[in-house]
């Protein structure tokens, strides 16, 4: 981990809103030392998806990231002995504790494991499960990845004293979208779980991380999406100290009581339950649920919290709004159930991945209440959940029926868009001074699937005068194919999804080489140019490669105008030969007659072809 006493101006602007409240609380001095109030490491629409309170027993610790897989019915794998976050990567991952508590993790979900203590991880369902272990072991054990794939081994650092709040932050960023992760005195571990990210820290270090790569950074982190496809990450943060004296001095937890008319029950406990609500289409499958597949929609469902503490279940009412989610705070430690008390238009069901469904009598409605269990204890006093409201199937079916009986629409025709989308000038974004990439950042052998995004541009220039800043997104009709070089069905535009930025995206693409060809050019184009591809020997297209080093490809395919052709010269008839051509008189002595000088053969016409990925003119 690299540190510097100089901050670039960009970081000064970002850091001032974060530092000023701390200075007001504690005066001028070291920021970390003056911070007496807990600060969430997540900002914007990022969220803490797992956390726990524990003491780091070793004097020196280090971050360790391991990638593991398990086949169905295989022997469960023990969780790390050190404090760790278990993060679902693919499939269904089941985490089972010795006390019988079980958690099902899908992609992007996580659970905190204080110590192994009988915690085991296995694959659930019929597919292989894969997950990341983000652990904080003693520095001497940092390279013990066991049978898993070593993703990252961090540098040793002194463990902060006391019991610490460990947080795992997750966010999904569009291209050039930015978020900030608030750090403390210990380094922050960041793992790229999708796309490509640019990370810049207030200690001066920076790195570009692709999916499956990790790094550690000091201070606060500014994370930016750096790929056409959405980029996602998780970040482990060693947070503030949780004082045992404060917990001991806390008054006895008040008994919760129903809240008339809804609202937050002021029970005065240390527990917090935060929820983020997403609205999803009716036909989505449970394993497809994610923040990427659904839209943020707090109005999709009306939530109610029910206390299940051994007595009759009691309603604690509806939550309070907070940022883009909702929260119940001041809760005593115990067992709760989050349930749907009502739905917004078009929604009828909820799912909470990773939580167990429970049934209990409720005070707000008659009969048995179905909800999702959330346990708050000393190791997990704060819980963050993602709640997915599913569309009403009956409404969707009715909509389909109405659509099918509507008047037939005329056959759509493709026409150029009225206003083409200009492409921003190809100028570099100012970056902090170049600094070495964090040490020991390594890539993981991920499942051999990736994604390809493609944008097609129309350019007014030929290759000889090519300037990407003058190009605009191409208008239909055009066609592009990506054929596996080993054979098989090609990737077609009909199989791709169209992104908000005009890019075509193929997900779940098998690693290998692909031949990019454009059988139908955009209107007015004469040829096409792919700067990041390798021109095929027969000039029939370009080759690109999707592999573990580049699992996410972002391609820009430029349709170029024909080269300017000067008008043909005016026809000038040759002069007529004279009627009589006198023959030369032989010189005396029989010397040979003089002959005409030889005429040089014409040179071939130059042809513009891509050269070295930069364009140019060569003579062929």
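The values are calculated or read from the model by the stated rules, or taken from the named source; none is laboratory data. Just so it is clear, the structure is predicted and the values come from calculations on it, not from any experiment. All Cβ positions, glycine included, derive from the backbone under ideal geometry; neighbour counts span all protein chains shown.
Here are a few things to note about the model shown:
- Residue in the stretch 73-81 that is more than 24 Å from residue 189 (Cα to Cα) and outside any loop (DSSP other than H, G, I, E, B) present: no
- Listed here are the strands (runs of 3 or more DSSP E) enclosed by the stretch 138-202 that have at least 2 residues being within 30 Å of residue 503 (Cα to Cα) and assigned by TED's automatic domain parsing to the domain that holds residue 76: 163-173, 178-181, 188-194, 196-201.
- Within the stretch 135-166, being surrounded by fewer than 15 Cβ atoms within 10 Å (Cβ to Cβ) and under 19 Å from residue 112 (Cβ atoms) holds for one residue alone: 162.
- Residue within the stretch 519-536 that is part of a strand (DSSP E or B) and within 25 Å of the chain's Cα centre (by Cα) present: no
- Across the stretch 493-513, the qualifying residues are those that are touching a strand residue (DSSP E or B) at 6+ places or on another chain (Cβ under 9 Å) and without any contact (Cβ under 8 Å) to a residue 12 or more places away in the chain, and the one among them that is surrounded by the most Cβ atoms within 10 Å (Cβ to Cβ) is 495.
- If you go through the stretch 105-127 and keep only what is under 19 Å from residue 290 (Cα atoms) and in a loop (DSSP other than H, G, I, E, B), you end up with 106, 107, 108, 109, 125, 127.
- Residue check for residue 373: assigned to a loop (DSSP other than H, G, I, E, B), within 30 Å of residue 83 (Cα to Cα) and either at pLDDT 85 or above or more than 29 Å from the chain's Cα centre (by Cα) (or both): no
- Sole exception among (1) closer than 30 Å to residue 338 by Cα; (2) at pLDDT 85 or above for residue 207, by number: (1)
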